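The values are calculated or read from the model by the stated rules, or taken from the named source; none is laboratory data. All values reported here derive from a predicted model rather than from experimental measurement. Every residue, glycine among them, receives a Cβ derived from its backbone with ideal geometry; neighbour counts consider all protein chains shown. Surface areas here come from the heavy atoms of the whole protein model, side chains and all, with no ligands, DNA or RNA. Shrake-Rupley method; radii C 1.70, N 1.55, O 1.52, S 1.80 Å.
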Amino acid sequence: MKILKFTVLFLSIVSALPFSVTAQDINVCGTDQARKKLIEEHPEILQQERDMEEYTRNFVANYNPQAGSRASGTYIVPVVFHILSQAGVENISDAQIFNQMKILNDDYNKRNADTATVIAPFKNNIANVGFEFRLANRDPNGNVCNGIDRIYTVQSVVGNDYSKMNNWPREKYLNVWVTKAIGQAGAAGYSYYPSTVDALYNTPNRDGVILLHDYIGSIATGSAFRSRALTHEVGHWLNLKHVWGDSNEPTVACGDDDVNDTPQTKGWLTCPGATLTYKDANGPHVISASKIDSIYAVNPIFVNDSIYRKGISCDAHKTSNYENYMEYSYCSKMFTAGQQSRMIAAINGTKSNRNNLWSPDNLLATGTEDTIYDKAAPIADFGIAKRFVCTNDDASFLAITDASEVDSYLWTFSNAIPSTSTLRN
């Protein structure tokens, strides 16, 4: 029988002013802004990034996924979610996190059903990256855990590098922080390249992904529309750039991501859709996007550029890979083989200790060497519904330990009525 016991003393509680995020807002990735700010503070990062690019080019040039080497196998990555909350909707359930982990693993192993609708120019270049992400079953002290760390804190409404509380060693875990708000305007979250946070003072503590709670999973506060945000941010964590390059200005100028099989593009803020329009001597025609290359090759002067260019890249006659996970199109479905090679280079590299994550010793230390999980005992933790109460006013206390592992609750209060309770909240 697992009984959670809470003992509460009534104290004055001071917190920051309330902050809210509209659920319907569509936010984008803040990686580029966060990176630029860090480089302004530490310009020496640029040399670290140049070194990583040289290593990556050499690795990719010699990489053969068919060679049967360790580089072509499955990589297991231990993960910990730090849920920063004030006992509101941002304190997402274990089920929502499990749902996100399934989506993440499906995307990185080509198990996502929407690959069936990838447009023709890229249908034969959908990468099975071969990364398996597992929630940690041991914390840094070797204690049994479920890979979910719940922290009651005002930092949930701050959402910046200093909100990355209780980071677990980045050489052992991928840290993911979940918050109510992100401090960077318009951002759903962000992460850093391995080279950006490799060696500088305090940057190891910044390594990982920070995301809004409603961009986690496809259930509860999440949604299918936003559920690929973690796939995108983990791509950055594995050294992928946006497909248009190092900027947060898609649709402005042609750019490149240093991957050979993702054509240069201006990037997308919406999905161009499955059909396009072209015009010839007989008038306008609506056709499948998969046929646009053949139409353009036969009679390019008849293409209605203003519509056609919604489906092409900045390389003449090449269709844009707008369904890429590193796009902003919100119809992302795939990584390419070139991106796979770049991520495998990162996971084999020493920058930010990525190469230690999947080592047998680390998988044993984090309890991720297999999928048989030990059950962790719940730890009593609580939040409050109101920050301030007066004498003789009601006060509401909320259990923020997930209920799935709890059989019963026992609250005891000092100088209050009632003095005990067995309700969850």
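In summary, SER352 fulfils each of the numbered conditions (1) of a type in the set (Ser, Thr, Tyr); (2) touching a helix residue (DSSP H, G or I) at 6+ places or on another chain (Cβ under 8 Å); (3) closer than 25 Å to ILE400 by Cβ with the single exception of condition (3).
Within the stretch 147-194, restricting attention to residues that are of a type in the set (S, T, N, Q) and buried (at least 24 other Cβ atoms within 10 Å of the Cβ), the residue that is nearest to HIS242 (Cα to Cα) is SER191.
All of (1) without any contact (Cβ under 8 Å) to a residue 40 or more places away in the chain; (2) part of a loop (DSSP other than H, G, I, E, B) hold for SER332 with one exception: (1).
Is the stretch 13-27 home to any residue that is closer than 30 Å to VAL129 by Cα and modelled with pLDDT of 95 or more? No, the conditions are met nowhere in the stretch 13-27. With respect to the numbered conditions (1) surrounded by 22 or more Cβ atoms within 10 Å (Cβ to Cβ); (2) of a type outside the set (Asp, Glu); (3) within 24 Å of ASN362 (Cβ to Cβ), which one is the sole condition not fulfilled by GLY130? Failing condition for GLY130: (1). Looking only at the stretch 94-133, residues that are within 21 Å of ILE210 (Cβ to Cβ) and either in contact with a strand residue (DSSP E or B) (Cβ under 7 Å, 6 or more places away or on another chain) or acidic (Asp, Glu) (or both) come to 9 in all. Kindly indicate whether any position in the stretch 136-145 is closer than 23 Å to TYR190 by Cβ, in contact (Cβ under 8 Å) with a residue 60 or more places away in the chain and open to solvent by less than 20 Å² (accessible area, probe 1.4 Å). Yes, the stretch 136-145 contains a residue that is closer than 23 Å to TYR190 by Cβ, in contact (Cβ under 8 Å) with a residue 60 or more places away in the chain and open to solvent by less than 20 Å² (accessible area, probe 1.4 Å).
Considering only residues that are hydrophobic (A, V, I, L, M, F, W, C) and not in a strand (DSSP E or B), which ones fall in the stretch 183-225?
Those that are hydrophobic (A, V, I, L, M, F, W, C) and not in a strand (DSSP E or B): ALA185, VAL197, ALA199, LEU200, ILE216, ILE219, ALA220, ALA224, PHE225.
For the stretch 195-209, the candidate set comprises residues that are open to solvent by 10 Å² or more (accessible area, probe 1.4 Å) and out of contact with any helix residue (DSSP H, G or I) (no Cβ under 6 Å at 6 or more places or on another chain); within that set, the residue that is farthest from THR231 (Cα to Cα) is TYR201.
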